[in-house]
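Single-structure report; data block below.
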Amino acid sequence: MSFVKLTTSALALSAMAATAAVARDQVQIAGSSTVLPYASIVAELFGDNTDFPTPVVESGGSSAGLKRFCQGVGTEHTDIANASRAIRDKEIQACAEAGVTDIIEVRIGYDGIVFASQIDGPAYTAFTPSDIFNALAPQVMVDGELVDNPHTQWSDFNADLPADDILAFIPGTKHGTREVFEEKVIAAGCEATGAMEAMIAGGMSEDDAEDACLSVRTDGRSVDIDGDYTETLASIDANANAIGVFGLAFYENNTDKLKVATMSGVQPTTETIAAGEYPVSRPLYFYIKKAHIGVIPGLKEFAEFFVSDAVAGPSGPLAAYGLVSDPELAATQAMIADEQTMGGGS
């Protein structure tokens, strides 16, 4: 694939030269470990195909990246936060309190969350949200009653699953992947098994029951991973019977080490995610600090490059890595060109 070099007007070059003495010469990015490989690919291509330096891309999780992003405006603060979930209202408020009032939200495409195990381990080839809930929740339904989770093996609640000890490595709470895992798997399983109804019948408010449904057991069978997917992979390598939660792209680049399970009978692929068939998928984002555009050289150009057809389109390098191209990519391109901020301002 070829990439056309970006050009800037003489006026823009002059303005850039005037600010270069006080600004950083590299875009700084932090956040989601799911978005990290995509952002790293784009950063390298951007450095190779433009006259701007290669941006610095760091990981740390969606929440951590947005926290850094919201610390303030100025060259000592990051320019872009990657996120595998949408920014929360409380984060927008924290940004505003620190002077970060104009934020551009960029949806780059879609990804799926997959459950995978060691390639030579047990055959966890089919899951439903109910299975994951029954394995990992602190309380589950047994004989019509809500009880402390007695399950120690997968076959305890589903005879079609292996008679192997339950051990799951899941994303820690600072990761955007955790939120999607909770909402689309754990909460869905809680409702499907009747546990939520039992909680409410037992005197919980609906809000409290929803919160309780997101809990996971703390007896060592569910292990939070605060690092990126490479840490989860290392844990799977060291525990032959375990399952892990990964982004689709990471799994697709490690099929020699991992085997993936279906969810509700659907194989996770770019095709099933694009068609809306795979139930555990989510949009991916990055957030731009508008106040840094025109101050940090190449910031807007990097964003435009990222969502260009050649990079983020169906035939681009991100799709080859596993990103499901956004069907509304053209609208995103126009939004960045107009520097449209959240809430419709520009």
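The values are calculated or read from the model by the stated rules, or taken from the named source; none is laboratory data. All figures in this text were calculated on a predicted structure; none of them were measured in a lab. Every residue, glycine among them, receives a Cβ derived from its backbone with ideal geometry; neighbour counts consider all protein chains shown. What goes into the accessible areas is simple: the full protein's heavy atoms, side chains included, and nothing from ligands, DNA or RNA. Shrake-Rupley method; radii C 1.70, N 1.55, O 1.52, S 1.80 Å.
Across the stretch 194-218, which residue is nearest to S264 (Cα to Cα) among those that are among the hydroxyl-bearing types (S, T, Y) and within 27 Å of the chain's Cα centre (by Cα)? It would help to see each step written out before you state the result.
From the stretch 194-218, those among the hydroxyl-bearing types (S, T, Y) are 205, 215, 218; that's our starting set.
Narrowing the set further to residues that are within 27 Å of the chain's Cα centre (by Cα) leaves 215, 218.
Working: S215: 21, T218: 26 Å.
So the residue we want is S215.
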Count, please, the residues in the stretch 248-270 that happen to be part of a loop (DSSP other than H, G, I, E, B) and more than 19 Å from Y110 (Cβ to Cβ). 6
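Every residue, every condition in (1) open to solvent by 50 Å² or more (accessible area, probe 1.4 Å); (2) closer than 30 Å to D131 by Cβ, yes or no:
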site: G247; (1), (2): no, yes
site: Q267; (1), (2): yes, yes
site: T272; (1), (2): no, yes
site: S281; (1), (2): no, yes
site: I293; (1), (2): no, no
site: P297; (1), (2): no, no
site: S315; (1), (2): yes, no
site: S325; (1), (2): no, no
Would you check which residues across the stretch 27-82 are open to solvent by less than 30 Å² (accessible area, probe 1.4 Å), free of Cβ contacts under 8 Å to residues at least 12 places away in the same chain and more than 25 Å from G313 (Cβ to Cβ) and list them? G74
Flag if E182 is among the charged types (D, E, K, R) and without any contact (Cβ under 8 Å) to a residue 24 or more places away in the chain: no
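Determine whether E277 is outside any helix (DSSP H, G or I), under 25 Å from P317 (Cβ atoms) and not assigned by TED's automatic domain parsing to the domain that holds A39. Please lay out each step first, then the result.
Working: outside any helix (DSSP H, G or I): yes; under 25 Å from P317 (Cβ atoms): yes; not assigned by TED's automatic domain parsing to the domain that holds A39: yes.
In short, yes.
Taking the condition assigned by TED's automatic domain parsing to the domain that holds G31 and modelled with pLDDT under 95, does S315 pass? Write out each step before concluding.
On the way: assigned by TED's automatic domain parsing to the domain that holds G31: yes; modelled with pLDDT under 95: yes.
Judged against the criteria, S315 is a match.
If you check Y321, Y287, which single one turns out to be aromatic (F, W, Y), open to solvent by less than 10 Å² (accessible area, probe 1.4 Å), closer than 26 Å to H175 by Cα and within 19 Å of the chain's Cα centre (by Cα)?
Values: Y321 fails: open to solvent by less than 10 Å² (accessible area, probe 1.4 Å).
Answer to the selection: Y287.
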Taking the stretch 216-238 and keeping residues open to solvent by less than 50 Å² (accessible area, probe 1.4 Å), modelled with pLDDT of 95 or more and not in a strand (DSSP E or B) leaves V216, R217, G220, T232, L233, S235, I236
Residue ID - surrounded by the fewest Cβ atoms within 10 Å (Cβ to Cβ), chosen from residues in the stretch 118-157 that are in a strand (DSSP E or B) and among the charged types (D, E, K, R): E145
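Tell me, which helices (runs of 4 or more DSSP H) lie completely within the stretch 302-346 with 2 or more residues that are in contact with a Phe, Trp or Tyr (Cβ under 9 Å, 6 or more places away or on another chain)? Give the derivation first.
Details: elements: 309-312, 317-321, 329-337.
Ranges flagged: 309-312, 317-321.
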Could you tell me whether R88 is surrounded by 17 or more Cβ atoms within 10 Å (Cβ to Cβ) and within 24 Å of T332 (Cα to Cα)? no
I need the full set of residues from the stretch 26-54 which are out of contact with any strand residue (DSSP E or B) (no Cβ under 8 Å at 6 or more places or on another chain) and among the hydrophobic types (A, V, I, L, M, F, W, C), in order please. I41, V42, L45, F46, F52
